[in-house]
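Notes for the one structure printed next.
Any read-out appearing in this document is the output of simple, stated calculations on the displayed coordinates, not a laboratory observation. What you are looking at is a predicted structure, and each value in this text was computed from that prediction instead of being measured. Cβ placement follows ideal geometry from the backbone for every residue including glycine, while neighbour counts extend to all protein chains displayed.
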Amino acid sequence: MTDATNATTDTPPDHLSNDPRSKFHDAAALERGIGIRFNGVERNNVEEYCISEGWVRMAAGRALDRRGQPMTMKFKGTVEAWFLDTANETPAD
């Protein structure tokens, strides 16, 4: 049963957002670090992604909206996500 638990913790969420106001925000997952590959290119400016629907939201330059949040654009394509920090659990002896 612990193998199934480890398998689910090593898979990043299907939909994740950096915005704390979003219902898809997961602070625990973001603390581990998420790597994103969009259409075969690793990206580090992704604000939100959805693997099953195949899209990412990326910052559009340095522009900010009226609330001070980055302006984003939605791009469709192939999305791959992985955790940068692996969840290594050491057994207690």
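If you take every residue apart from residue 72 with its C-beta less than 13 Å away from the C-beta of residue 72, what net charge results, scoring Lys and Arg +1 and Asp and Glu -1? So the surrounding residues net to +1. Once divided by 2.2 N^0.38 Å, the Cα radius of gyration of the range 2-83 becomes 1.14.
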